[in-house]
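What follows is one structure encoded as structure tokens, with my remarks underneath.
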Amino acid sequence: MTNSSNKYILLAITAALISACSVTSKYERPNTLKTDQLYRDQSSADSTAIADMPWNTVFKDQKLNALIQKGLDQNLNLKNAIENIVQARASLRQSKLAYYPSLQLDANVTHNKQSQAGLNFPAGININTLTTTYKLGVSTSWEIDVWGKLSSSKRAALATYLASDAAKQAVQTQLIADIANNYFLLLAYDKQLEITEQTLKTRIENVETIKALKEGAIVTGAAVVQSEANQHAAEVLIPDLKQNIRETENAINILLGQAPGPVDRGVLGTQIIPEKIAIGMPAQLLNNRPDVRQAEFNFRVAFESTNLAKTYFYPSLTLTASTGFSNLELNDFFSHSIFYSIIGGLTQPLFNNGINKMRLTTAQSQQLQAYNNFQQSLLVAGQEVSNALYSYQMAVEKEDSRAKQIAALEKAVDFTQELLEYSSATNYTDVLTSQQNLLAAQLSGVADNLQKLQAVINLYRALGGGWK
């Protein structure tokens with residue numbers, strides 16, 4: 001081995017040792033993040049959370065679970081999120097290739113023509129020399145990661161990949177919540193339609209009763225007209241409910257990635273929710289909420305971009321080598337025609353200090369923005385958990401009172417109708433008022449039940465459930 005080769009090898013070893021003194025920093029999660037008191041009026045040291053439950057155990061309705069599974073298989077937004085992961089994975093693999101030397105094959109034929117006029121030849125004689133050179137060689141180039149530039153690029157690509165994976169998980173959790181929310185909304189519309197149709201049937205019968213009472217001179221014609229208006233008031237609710245049902249079915253099918261159509265479903269009264277609604281500790285959002293994790297990965301990308309900007313202040317070390325065959329004749333091309341070269345060089349751009357400073361300033365500013373977005377995602381997550389939990393608590397609080405209200409109004413309808421039929425102690429206005437109040441309370445009772453179910457769904461998603 002020649003002394004020249006030894007020098008280059010020594011140079012490479014020295015550069016490898018220098019690389020241990022990287023100018024970049026290692027990422028650590030900021031200790032300035034605010035994770036305490038994210039849940040309003042809630043404190044818990046129990047790490048158990050509903051978010052840890054698989055989605056197919058949270059929901060007991062098998063028809064709903066079948067719809068969710070179909071959505072996970074077919075939803076177009078989720079498919080696009082998966083393609084984003086594919087693209088990020090390709091970028092990550094590309095960043096890893098930067099650690100390896102590049103290799104190029106070079107094969108060429110060069111024709112050189114040189115005029116020798118005026119070189120001591122007799123006057124008027126002009127001799128042209130034509131030479132042909134044949135060359136076949138291989139060259140390689142390798143940038144040694146002295147200051148951590150390539151390492152920072154690879155870590156940034158890894159963080160981008162992980163962010164795309166977290167984004168896909170966020171789409172999945174939202175998709176599950178959207179399907180479940182629309183499913184329970186559909187069941188609520190079904191129940192309200194059932195109640196309204198039963199009420200209409202009762203009011204049609206009531207019109208006939210009032211007509212009979214008028215013939216008996218117990219009520220006046222005004223009561224008949226009022227009873228008919230009451231009947232039509234129930235009738236007019238039905239088209240709107242049917243429209244809501246149709247539109248909700250269509251919305252569910254869009255979530256499933258298919259054309260609008262009917263949806264196979266159960267009934268509202270048979271729905272079961274988890275008995276224990278555990279929320280865990282706010283700090284768990286850092287690992288459970290996909291969008292929070294995505295925000296942290298984006299912050300890591302910005303952090304590594306700052307690292308990368310710092311490396312531009314330092315020279316880059318590149319080793320290049322080439323070898324092959326070169327000859328003037330093809331017949332002895334592979335004989336006495338070997339050439340090789342090894343070149344090591346440090347590259348430090350001149351007059352670029354201002355550009356490097358601006359690059360670093362921009363990267364640091366973007367890193368601060370990414371940190372703010374990270375903190376914001378935590379605050380929003382805490383808000384969503386607080387709102388969903390309070391909505392659930394209020395729905396539970398209304399259950400007993402709503403049941404008592406409906407029971408009392410049912411008795412009021414029965415009593416006023418009996419009084420109207422068998423005595424003059426009341427008038428039809430009392431009957432009409434009690435009937436209208438009963439229908440409103442029954443429809444509100446359905447809405448209360450829907451609020452409770454949807455609050456559990458929203459709490460499950462807000463805590464980060466659905467992607468595990």
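The values are calculated or read from the model by the stated rules, or taken from the named source; none is laboratory data. Just so it is clear, the structure is predicted and the values come from calculations on it, not from any experiment. Every residue, glycine among them, receives a Cβ derived from its backbone with ideal geometry; neighbour counts consider all protein chains shown. SASA here: full protein model, heavy atoms, side chains in, ligands and nucleic acids out. Shrake-Rupley method; radii C 1.70, N 1.55, O 1.52, S 1.80 Å.
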Gain in span if fully extended, residue 220 to residue 314, counting 0.36 nm per residue against the direct Cα distance = 23.9 nm
Report the full-extension gain for the segment residue 77 to residue 37: residue separation times 0.36 nm, less the Cα-Cα distance, to one decimal in nm.
-> 11.0 nm
Decide, for segment 200-258, between rounded, prolate and oblate: order the square roots of the alpha carbon gyration tensor eigenvalues as a ≥ b ≥ c, take rounded if a/c falls under 1.5, and otherwise choose prolate if a/b is larger than b/c, else oblate.
-> prolate
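How large, in percent, is the carbon and sulfur part of the accessible surface of segment 157-250 at a probe radius of 1.4 Å?
Answer for segment 157-250: carbon and sulfur cover 53 percent of the accessible area.
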List, in order, the whole-Hz ³J(HN,Hα) value for each residue of segment 401-415 obtained from phi through the Karplus relation with A = 6.51, B = -1.76, C = 1.60 and θ = phi - 60°; use x for Gly and Pro.
-> 5, 5, 4, 5, 5, 5, 4, 5, 5, 4, 5, 5, 4, 4, 5
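Count charges around residue 25 for me, please; just the other residues with Cβ under 12 Å from its Cβ, Lys/Arg as +1, Asp/Glu as -1.
Working: positive: 26, 155, 300, 310; negative: 28, 304.
Combined, the nearby Lys, Arg, Asp and Glu give +2.
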Portion, in percent, of the accessible area of segment 34-92 that falls on carbon or sulfur, probe 1.4 Å | 46 percent
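On average, how much area does the Cα convex hull of segment 160-236 cover when viewed from any direction, in nm²?
Average of the hull's projected areas for segment 160-236 equals 6.4 nm².
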Can you list residues whose amide H is under 5 Å from residue 60's amide H, if they're 5+ apart or on another chain and H is modeled 1.01 Å from N?
-> 272
Pop a pseudo-label 7 angstrom from the Cα along the beta-carbon direction at both residue 437 and residue 197 and give the gap in nm to one decimal.
-> 2.9 nm
Convert each backbone phi in segment 371-383 into a coupling constant with the Karplus relation 6.51 cos²θ - 1.76 cosθ + 1.60 (shift: θ = phi - 60°), then list the ³J(HN,Hα) values in order as whole Hz, x for Gly and Pro.
-> 5, 4, 5, 4, 5, 4, 4, 5, 4, 5, 4, x, 4
Within-15-Å neighbourhood charge of residue 364 [Cβ basis; K, R +1; D, E -1] = +3
What ranking, highest mean first, results for peptides 388-401, 162-175, 265-278 when packing means the other Cβ atoms within 10 Å averaged over each residue?
-> 162-175, 388-401, 265-278
Which FRET efficiency value, to the nearest 0.05, is calculated for residue 204 and residue 66 with the Förster distance at 30 angstrom and r the Cβ-Cβ distance?
-> 0.20
Send over a whole-number figure in Å² for the accessible area per residue of segment 212-304, probe 1.4 Å.
-> 50 Å²
In nm, to one decimal, how far is the modelled label at residue 352 from the one at residue 368, with both set 7 Å along Cα→Cβ?
-> 2.6 nm
Taking every C-alpha to C-alpha distance in segment 158-287 and binning by 5 Å from 0, the per-bin percentages run 2, 9, 11, 12, 11, 10, 10, 9, 7, 5, 4, 3, 2, 2, 1, 1, 0, 0
What net charge is computed for the residues neighbouring residue 195, neighbours being all others with C-beta under 15 Å from the C-beta of residue 195, Lys and Arg scored +1, Asp and Glu -1?
-> -2
Residue 429 to residue 87: FRET efficiency via 1/(1 + (r/R0)^6), r the Cβ-Cβ distance, R0 56 Å, to the nearest 0.05?
-> 0.20
What nm value, rounded to one decimal, do you get for the distance between residue 400 and residue 52 when each label is placed 7 Å out toward the C-beta?
-> 3.1 nm
Tell me, what does the Kirkwood hydrodynamic radius of segment 249-309 come to in angstroms if you use every pair of distinct C-alpha atoms?
-> 16.4 Å
